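In what follows, a single structure is set out as structure tokens and then discussed.
The values are calculated or read from the model by the stated rules, or taken from the named source; none is laboratory data. These numbers were taken from a predicted model, which means no experiment stands behind them. All Cβ positions, even for glycine, are placed from backbone atoms using ideal geometry, and neighbour counts span all protein chains on display. Only protein heavy atoms, including side chains, enter the accessible area calculation; ligands, DNA and RNA are left aside. Shrake-Rupley method; radii C 1.70, N 1.55, O 1.52, S 1.80 Å.
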Amino acid sequence: MTLSPSSDSRSIRAARHARAALSRASRRAVVAAAVALGATFLMGNHAFAAPAVGQQAPDFVAVDTGGAKHKLSDFAGKFVVLEWTNPGCPFVRKHYNSGNMPATQKAATAQGVVWLSVNSTERAASDYLQPAALDAWMKSQKAAPTAVLMDEDGVIGQAYGARTTPHIFIIDPKGMLVYAGGIDSIASARPDDIKTATNYVNQALGEAFGGKPISTAATRPYGCSVKYKS
Amino acid sequence: MPAAAQLASRPGAVVTTPHVRAELVAHAPEGVAPGAPVWVGLQITHQPEWHTYWKNAGDSGLPTELNWTLPSGVAAGDIAWPVPRKIPVGNLANYGYEGTVLLPVPLEVSSNFKPPLALGTGASTLDVRLKASWLVCRKECIPEEGEFTLALPLQGSTALHKAEFDAAQAAQPLPLGGPGAVEVSGNSLQVRLEGLPASAHGKTLGFFPETPELIRTAAEPGKDWTQSWQGGTWTATLPLADQRSASPTTLPLVVALAEADRQPGQPVAWRAEAPVSGSWPAAAPRAEVSPALQAALAANAATAPSSPASDLPPQPTVTLMAALLGALLGGLLLNLMPCVFPILAIKLLGFARQAGNHSAHRRAGLAYTAGVMLSVLALGGAMLALRAAGAQLGWGFQLQSPAVVAALAALFTLIGLNLAGVFEFGRAAPLSLCSAQAKHPIANDFLSGVLAVVIASPCTAPFMGVSLGLAIGLPAAQALLLFAALGLGLALPYLVAGFIPAVALLLPRPGPWMNTLRRLLAFPMFATVAWLVWVLGQQSGIDGAGTLLALLVCMAAVVWALTLRGRTRLVIATAVVAFTAVLAAAIGRNVLQTVEPARLAATAGQRWQPWSAERVAELTGAGQPVFIDFTAAWCVTCQYNKKATLADAEVLADFDSKKVAMLRADWTRRDPAITAALTALGRSGVPLYVLQAPGKAPVVLTEILGKAEVRAALAAL
């Protein structure tokens with residue numbers, strides 16, 4: 001089935017990382033530098049103009065919490081959800097502690113959607129989490145993203161114009177940005193509001209898979225400001 | 001959450017959190033009386049570096065929310081937001097307040113206000129309760145809330161916080177003389193304001209749009225956006241937000257002097273509601289699906305003809321092969337029915353008698369098979385034609401439709417009752433026709449195949465019914481294949497006997513066992529009904545399933561009553577039919593209702609009834625005008641209209657005075673009936689508001705529903 005996420009490639013990746021455990025730290029530094037360079041190069045002129053809905057989503061390369069590299073264009077042919085996250089933010093905790101975000105992630109990945117959680121919190125921020133700690137937090141929340149990407153330099157976040165945590169972007173199989181905005185329709189920190197809110201990710205993916213236009217393609221994201229490196 | 005702990009204590013006028021001190025304050029210099037100025041407000045004192053937000057919070061953040069509880073006769077106005085400041089957060093920017101801010105709210109005291117009886121002290125008070133929630137941020141953000149109470153003395157002045165209210169008043173933007181003008185040009189917004197006072201001329205102004213998600217909030221003046229003065233006219237060019245989610249036709253905006261330019265006692269800011277000209281850059285929201293995904297989706301759609309939505313009740317996933325096998329077995333079983341088996345037995349004994357003429361037997365077997373198959377296919381084709389005609393009349397042949405599930409349950413109940421012997425289907429052809437014999441032996445065998453189907457029709461009908469039930473969701477070709485399998489099953493014993501004469505001798509003799517078998521077969525049919533009722537229960541809830549069962553019992557009684565003779569039949573059948581009709585009219589709707597969370601809400605609010613085309617016809621038929629709100633949870637405009645115009649007391653009073661029935665059609669889940677109704681009104685989406693009076697053409701109101709418009713439309717009834 002073309003829609004299933006590549007779990008075998010994940011296990012191969014895991015094996016590769018076990019072998020490379022010794023050199024991991026130094027390798028990550030090298031990769032991160034290369035990625036930052038590559039990302040800047042890939043983004044070129046787009047560095048200061050975030051894509052609007054209906055425009056091509058900027059390509060990027062990023063390292064996940066396990067140290068593996070992911071390139072957006074490698075996911076061509078699939079829907080990709082980018083979710084900006086920061087466990088220190090009460091709005092992020094609202095959607096994780098309630099189980100809403102993990103459930104949304106599971107529903108999406110079960111349909112073959114690639115879900116990338118992105119952390120653009122700068123290293124100097126008080127709530128910055130090391131990759132291992134972020135990974136552990138995600139696991140403790142029973143989160144189900146395809147990968148959790150580290151973006152401490154904020155290159156990806158700024159390329160997309162990510163402003164809040166959470167802030168959601170959906171990219172279609174042709175690489176177009178088809179949704180940008182909030183996780184749901186009620187901007188609040190109250191978990192009780194989740195059940196009455198419209199989950200825009202579920203709605204947009206449901207419409208896209210049903211061959212319908214996305215009825216709500218741009219919404220106001222709400223949450224904490226992304227703590228970018230200044 | 002740190003703030004929550006604060007709420008445990010008894011509410012007073014002050015809530016203190018680690019980040020703010022919030023106090024409910026009041027200003028009523030002339031006491032509390034109709035017409036006197038009465039102000040209340042939340043005063044927030046922030047810890048250094050912390051801030052809360054303006055009505056448009058900017059790139060992140062949430063505006064402070066105030067929810068008042070006031071005695072009847074007292075109404076709270078909107079927050080009179082003081083001019084905010086722009087708070088840069090890295091490369092983002094917010095609009096909000098640091099230091100101390102007072103968010104004042106005017107209270108309107110009407111002459112209906114009855115102050116509570118004074119207890120002991122003698123002084124009457126106006127009790128104000130406030131539930132407020134605010135988001136306070138430095139770099140990190142903490143959502144906080146608090147409950148406040150305050151008792152305002154009616155007599156005597158409350159002016160303890162005069163200075164703060166005066167300061168908040170001074171920080172209000174003044175209305176500008178003209179509306180100003182905003183033009184969308186490419187990816188920028190051209191703003192032109194006239195009528196600013198001379199004291200502001202030549203100064204650099206701050207720009208605060210009240211509509212969020214419109215301009216790039218973090219754009220820096222002089223660098224990313226420009227402003228200039230031509231005499232008394234201020235113009236500015238502002239960059240639009242990359243991910244704009246609002247495209248208003250009117251932009252309320254505030255311009256403010258820089259803090260350094262503000263003079264005590266002089267206005268600091270001005271507000272205008274500028275009409276927007278030009279067209280907002282369009283977005284292309286349609287998601288492109290890759291060819292591989294499209295193919296996979298098409299394959300899914302072919303195996304499950306109904307919608308791919310995942311949260312629908314389980315569907316019968318009978319694959320075509322299983323269905324074909326079932327039909328074949330059904331056809332074979334049909335041979336053992338009392339109306340078929342004797343014919344088969346006579347014909348097979350004929351084979352046994354003319355032993356030896358093998359080629360003639362084979363020809364006879366093939367001709368008989370052809371006759372059976374052709375007549376079964378003809379019947380199947382006729383049923384499919386009926387189905388197609390029905391589809392054109394608007395039936396939705398999907399098992400998600402409770403109506404189809406209920407109809408299938410009724411069909412299978414009838415089949416079960418027939419097999420159980422409660423009633424018999426009539427024979428399809430008169431016996432005289434059946435006795436006509438052709439001279440040519442092959443034509444004779446072909447005809448006897450046709451006649452086997454016709455003569456056996458009392459028994460064939462249930463088996464055809466089962467095939468039709470299975471075929472109901474299938475495309476025509478597959479459905480016909482199913483009927484063909486049934487025919488093949490029916491013809492198979494004779495066909496096989498034609499080739500292997502020994503088979504004929506293996507058959508049992510006709511006898512009472514045939515009736516026993518037939519009655520036994522009633523139980524699988526009733527089991528199918530049980531399953532269908534369960535499916536319906538998923539769709540229509542326990543009420544729907546219960547109603548269906550009650551109606552099925554009634555239907556069984558009607559069928560039984562029709563088998564009676566003479567006067568008894570007339571009396572009992574009439575009574576049972578009448579009772580069934582009453583029951584169906586009273587609770588029949590339960591079956592067809594789709595249960596979803598919205599229905600609970602709809603029944604809780606008595607004013608709004610759930611929409612259905614039948615209900616509209618019923619109400620208008622009874623002479624009552626109806627107002628229909630086509631809405632959806634995901635439609636922001638709908639929610640806005642619902643909370644603003646459709647919750648407005650005056651508007652609702654007009655609805656009541658005209659005795660208008662209010663129906664709500666919730667399109668949150670795509671509903672074919674609502675889609676059809678929208679299409680009929682020339683629309684493809686929500687919001688849509690229709691006022692329909694009996695005998696008049698429906699009036700379609702605008703999508704952004706105005707109070708005046710609704711009231712005018714109601715007045716015209």
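Here are the numbers for the structure shown:
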item: Any hit, region A:197-212, residues being in contact with a Leu (Cβ under 8 Å, 6 or more places away or on another chain) and aromatic (Phe, Trp, Tyr); result: yes
item: Residue selected from region B:245-270 under the condition among the small types (Gly, Ala, Ser) and either more than 14 Å from chain A (Cβ to nearest Cβ) or surrounded by fewer than 16 Cβ atoms within 10 Å (Cβ to Cβ) (or both), by the criterion farthest from residue B:228 (Cα to Cα); result: B:265
item: Complete set of residues in region A:210-225 that are at pLDDT 85 or above and within 7 Å of chain B (Cβ to nearest Cβ); result: A:214, A:215, A:216, A:217, A:218, A:219, A:220, A:222, A:223, A:224, A:225
item: Whichever residue in region A:198-209 is of a type outside the set (S, T, N, Q) and open to solvent by less than 20 Å² (accessible area, probe 1.4 Å) and, among such residues, is farthest from the other protein chains (Cβ to nearest Cβ); result: A:201
item: Looking only at region B:51-68, and only at residues there that are over 22 Å from residue B:262 (Cβ atoms) and crowded, with 23+ Cβ neighbours inside 10 Å, the one that is farthest from the other protein chains (Cβ to nearest Cβ); result: B:64
item: Output for region B:542-565, where each listed residue is part of a helix (DSSP H, G or I) and open to solvent by 60 Å² or more (accessible area, probe 1.4 Å); result: B:542, B:543, B:549, B:553, B:560, B:562
item: Lone qualifier among A:192, A:151 - being open to solvent by less than 30 Å² (accessible area, probe 1.4 Å), acidic (Asp, Glu) and more than 9 Å from every other protein chain (Cβ to nearest Cβ); result: A:151
item: Residue match in region B:303-317 (condition: modelled with pLDDT of 80 or more and away from every other protein chain (no Cβ under 14 Å)); result: no
item: Residue tally, condition at pLDDT 75 or above, buried (at least 20 other Cβ atoms within 10 Å of the Cβ), within 16 Å of the chain's Cα centre (by Cα) and of a type in the set (A, V, I, L, M), over region B:647-704; result: 5
item: Residues of region B:143-175 that turn out to be in a strand (DSSP E or B), open to solvent by less than 30 Å² (accessible area, probe 1.4 Å) and more than 20 Å from residue B:67 (Cα to Cα), as a count; result: 1
item: Top-ranked residue of region B:79-102 - restricted to ones that are under 15 Å from residue B:167 (Cβ atoms) and among the aromatic types (Phe, Trp, Tyr), ranked as most open to solvent (accessible area, probe 1.4 Å); result: B:81
item: Residue match in region A:172-182 (condition: touching a strand residue (DSSP E or B) at 6+ places or on another chain (Cβ under 9 Å), at positive phi, touching a residue at least 40 places away in the same chain (Cβ under 8 Å) and more than 7 Å from chain B (Cβ to nearest Cβ)); result: yes
item: Any hit, region B:621-635, residues being assigned to a helix (DSSP H, G or I), open to solvent by 50 Å² or more (accessible area, probe 1.4 Å) and either within 14 Å of chain A (Cβ to nearest Cβ) or modelled with pLDDT of 85 or more (or both); result: no
item: Residues of region B:200-241 that turn out to be open to solvent by less than 60 Å² (accessible area, probe 1.4 Å) and either outside any loop (DSSP other than H, G, I, E, B) or within 16 Å of residue B:93 (Cβ to Cβ) (or both), as a count; result: 29
item: Some residue of region B:468-479 being open to solvent by 10 Å² or more (accessible area, probe 1.4 Å) and modelled with pLDDT of 80 or more; result: no
item: Residue among B:71, B:34 that is within 30 Å of residue B:114 (Cβ to Cβ), part of a loop (DSSP other than H, G, I, E, B) and open to solvent by less than 50 Å² (accessible area, probe 1.4 Å); result: B:71
item: Candidates B:195, B:186 - the one that is more than 30 Å from residue B:34 (Cα to Cα), surrounded by fewer than 18 Cβ atoms within 10 Å (Cβ to Cβ), out of contact with any strand residue (DSSP E or B) (no Cβ under 8 Å at 6 or more places or on another chain) and within 14 Å of chain A (Cβ to nearest Cβ); result: B:186
item: Residue list for region B:514-541, restricted to those being open to solvent by 70 Å² or more (accessible area, probe 1.4 Å) and under 20 Å from the mean Cα position of the chain (by Cα); result: B:538
item: Within region A:88-114, tally of residues that are away from every other protein chain (no Cβ under 11 Å) and open to solvent by less than 10 Å² (accessible area, probe 1.4 Å); result: 8
item: Complete set of residues in region B:37-50 that are assigned to a strand (DSSP E or B) and either open to solvent by 10 Å² or more (accessible area, probe 1.4 Å) or at pLDDT below 90 (or both); result: B:39, B:43, B:45, B:46
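Here is a yes/no grid of residues against (1) closer than 16 Å to residue B:339 by Cα; (2) open to solvent by 20 Å² or more (accessible area, probe 1.4 Å); (3) modelled with pLDDT of 75 or more:
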position: B:418; (1), (2), (3): yes, no, yes
position: B:421; (1), (2), (3): yes, yes, yes
position: B:424; (1), (2), (3): yes, yes, yes
position: B:427; (1), (2), (3): yes, yes, no
position: B:432; (1), (2), (3): no, yes, no
position: B:439; (1), (2), (3): no, yes, no
position: B:453; (1), (2), (3): yes, no, yes
